[in-house]
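Read-outs throughout are calculated quantities, based only on the coordinates presented, and are distinct from any laboratory measurement. All values derive from a computational prediction rather than experimental measurement. All Cβ positions, glycine included, derive from the backbone under ideal geometry; neighbour counts span all protein chains shown.
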Amino acid sequence: MNHIELFAGCGGLSLGLESEGFDLLLANELSPMAAETFAYNHLGVDLGKDNKLTTNPIYWISSEFPRDNLANRLKENPVTAAGLDNRHSDIAELDNYYLRLRRSLLVGSILDLNTLLGKSKLRKALKEGLGDGEVDLVSGGPPCQSFSMAGMRQLSNQRNSLPWAFAEFVRKIQPKMVLLENVTGILRAFDVDGKKYYAWYEVAKTFALEGYIPLCLHVNAKYTGAAQNRPRFIMLAFRKNVFTRIHKNSEDKFLNEALENSKQFFKLVSLVGEKLEYGHLNCHDIDNGSTLFKSKFFEALALYKPRNKSIASAKDAIDDLSSNNKKPSQYVYKLNNRMFSNTTAYQNKYKEWKSQLKNSGLPTNHEHRGNSSKVRARFRLYQVLNHLQSSTTTNEVRAFLKTGDKSKISRQTLIALADKNWFLNDNGERIDKASVETLLNLLSRLQTKKQTQKALIGDKPAPAALSIPDDVCHYDDQTQRTLTVREIARFQSFPDWFVFRSKVTTGGQMRKFQVPQYTQVGNAVPPLLGKALGQTCRQLLMLAE
């Protein structure tokens, strides 16, 4: 089976899908920085060293610079580089030799790629799977910050149009099946002129209008084995004739119930069109009793859902990285040696990782970042709040940190904080047995408007929002620091041999278009979630044969 990966990022979903037998036809990614990581691992191409892109399978859809100026291509703003007029396009210059695109990476905007698909020969080549007959799966996670509950939730944000660009690509290529991933926030309604607007439902209608029957899920990466509480919206959509064969061949009552709902929704969309009101399609929620996850076709997505199954914790993921004497957990061992051992990325990077480990004792991307004494003092406070596990105490402390209003924090809370706990002052010095007055003065000096900061809890999965490194600190009382790229990658279920390239972090105006290592990891689909989805997609496609 084959697949095309859109919005590929650094390649987490591709890694999971390939581990379940999907062969990559080509991938598309807007950011040159994320593309550098994808190319290094999945294609074995080091864009940091090869300055000419001669025979490499990396093609820019649109760039301000020619193909022999790779250094500037890697640094350019992909938004301003988009648009095919007066731009260099490697694809447009292929002169119809489109089979060269097999197992390649296309860097640039999907909007420009859709424009190029207007060329009948390119569209025909992709529609025929670059020689495979047709495309089995088109997958990807359109950028979703404006849907995220952690972000600004802007209905008008231009990034919200990207799922529709995804649908346009699907209409032109006609794969058997589609896999779309997005943040859980896409399920929550926007309020538009007093009316509720459900983005996920609109996306499902769009694909239905293109002839694809949607099956929508709300899943969580922690149930697939990742050490992260990462809920995600997933839409699987089937070309009508493929859906018909799946429905006809299925003897699984849980799957058939879900397919029947999708079928009725598709019929209504065919009759009413895009004006169909909300409420005719189920989103099967793994935490709200959906029976779909009892189906053998979806069991990989609920592998760690039963109560007798142990969900991987933050400590399982990163405890060995705090000391050379600690052995990796079974979680880490499986990621590094078993889960993805049949992938091209494993073949490209495993031996290199073993050599690196032998020489230094630590994997790549594990450089610690410096934190000021004041930040470390605040991190220690968050660690103490975790130990107390009191929502009242936490809420009062955070309210005081935000406002400096002493009426927001009670003496009882200050006493509870001080009891049997130690702190760091804003000079980095340890304070034992702090008095209420000392503690109040310390909190006054640690004020911050940033309310998303927290400390990890060692025996629980990591939280979902980890793309901004300063938002989370280590759980270990002996270290008050932010997490490394490798530690966050471990939570996401990336193996240690998967190397992240380009800048480690960025700031200021460059945040608008640069995708450094922390953001690459934070935005990625966890490979174990990708693997579970790959198993589900493979089994459903086999059912259609």
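Excluding residues on the same chain fewer than 8 positions from Lys354, give the lysines whose Cα lies under 28 Å from its Cα.
Answer for Lys354, where 28 Å is the Cα cut-off: Lys49, Lys222, Lys315, Lys326, Lys327, Lys334, Lys503, Lys531, listed by chain and number.
Got a sec to turn the phi values of segment 383-397 into Karplus ³J(HN,Hα) couplings, 6.51 cos²θ - 1.76 cosθ + 1.60 with θ = phi - 60°, whole Hz, x for Gly and Pro?
In residue order, the calculated couplings are 4, 4, 4, 5, 5, 6, 6, 10, 5, 5, 4, 4, 5, 5, 4 Hz.
Positive end of the dipole of segment 373-483, charges at C-beta (+1 Lys, Arg; -1 Asp, Glu), about the Cα centre: which of Phe400, Ala434, Leu388 has its Cα farthest in that direction?
The residue sitting most towards the positive pole is Phe400.
Whole-Hz Karplus ³J(HN,Hα) for segment 164-177, in order, using 6.51 cos²θ - 1.76 cosθ + 1.60 and θ = phi - 60°, x for Gly and Pro?
Going residue by residue, I get 6, 5, 4, 5, 5, 4, 4, 4, 7, 9, 6, x, 5, 8 Hz, with x marking Gly and Pro.
On the first, second and third principal axes, largest extent first, how far apart are the outermost C-alpha atoms of segment 329-455 in Å?
60, 28, 27
Divide by every residue of the chain the summed helix terms, -39500 (n - 2.57) for each DSSP H run of at least 4, and state the resulting mean residue ellipticity at 222 nm, rounded to the nearest 500 deg cm²/dmol. Write down the numbers at each step before the final one.
Details: 20 runs with 206 residues, N = 545.
Calculated from helices alone, the mean residue ellipticity at 222 nm is -11000 deg cm²/dmol.
Sum up the lysine pairs in segment 373-483 that clear both bars: alpha-carbon distance under 16 Å and a spacing of 8 or more or different chains.
Lysine pairs meeting both conditions in segment 373-483 amount to 10.
Pairs of alpha-carbon atoms within less than 8 angstrom and 6+ residues apart define the contacts here; what relative contact order does segment 373-483 have, in percent? The partial results should precede the final answer.
Working: 145 pairs, mean separation 33.7, N = 111.
Value for segment 373-483: 30 percent.
Among all the lysines, which ones have a C-alpha under 17 Å from Lys195's C-alpha, if same-chain residues fewer than 8 places away are not counted?
Counting by Cα, and skipping residues close in sequence, Lys195 has these lysines nearby: Lys275.
Given contacts defined as C-alpha pairs under 8 Å and at least six residues apart, what's the relative contact order of the chain, whole-number percent?
19
In whole angstrom, how far apart do the alpha carbon centroids of segment 308-371 and segment 1-67 sit?
23
Place the peptides 410-418, 17-25 in order of packing, highest mean first, counting for every residue the other Cβ atoms within 10 Å and averaging per peptide. Show your work: numbers first, answer last.
Working: 410-418: 16.8, 17-25: 21.4.
Peptide ranking by packing, descending: 17-25, 410-418.
Would you mind checking which residues have amide H under 5 Å from Gln228's amide H? H placed 1.01 Å from N; only 5 or more apart, or other chain.
Result for Gln228 returns Lys222, Ala462.
Could you pull out every residue, at least 5 positions away or on a different chain, whose amide H is within less than 5 Å of the one on Lys176? Hs are placed 1.01 Å off N in the peptide plane, and Pro or chain starts have none.
Those lying under 5 Å, H to H, from Lys176 are Val135, Asp136, Leu137.
5 Å is the cut-off here: which amide hydrogens, built 1.01 Å from N in the peptide plane, fall below it relative to His284, excluding neighbours closer than 5 in sequence?
Placed amide hydrogens put Cys216, Leu217, His218 under 5 Å from His284.
Whole-Hz ³J(HN,Hα) for each residue in segment 111-126, computed from phi via Karplus 6.51 cos²θ - 1.76 cosθ + 1.60 with θ = phi - 60°, x for glycine and proline: what do you get?
Result, rounded to whole Hz: 5, 5, 5, 5, 5, 5, 5, x, 6, 4, 5, 5, 4, 4, 5, 6.
May I ask you to list the GluC sites (Glu not before Pro) in segment 176-277 that are in a DSSP loop and have at most 12 other Cβ atoms within 10 Å of their Cβ?
Listed in order of number, the matching sites are Glu251, Glu277.
Only Cα pairs under 8 Å and at least 6 apart count here; give the relative contact order of segment 235-313 as a rounded whole percent. Don't skip to the answer; put the middle values down first.
Numbers: 34 pairs, mean separation 21.9, N = 79.
Computed value for segment 235-313: 28 percent relative contact order.
Which loop-located GluC sites (Glu not before Pro) does segment 298-374 contain, where loop means any DSSP state but H, G, I, E or B and the Cβ has at most 14 other Cβ atoms within 10 Å?
Numbers: sites: Glu299, Glu352, Glu367; in loops: Glu367.
Hits after loop and neighbour filter: Glu367.
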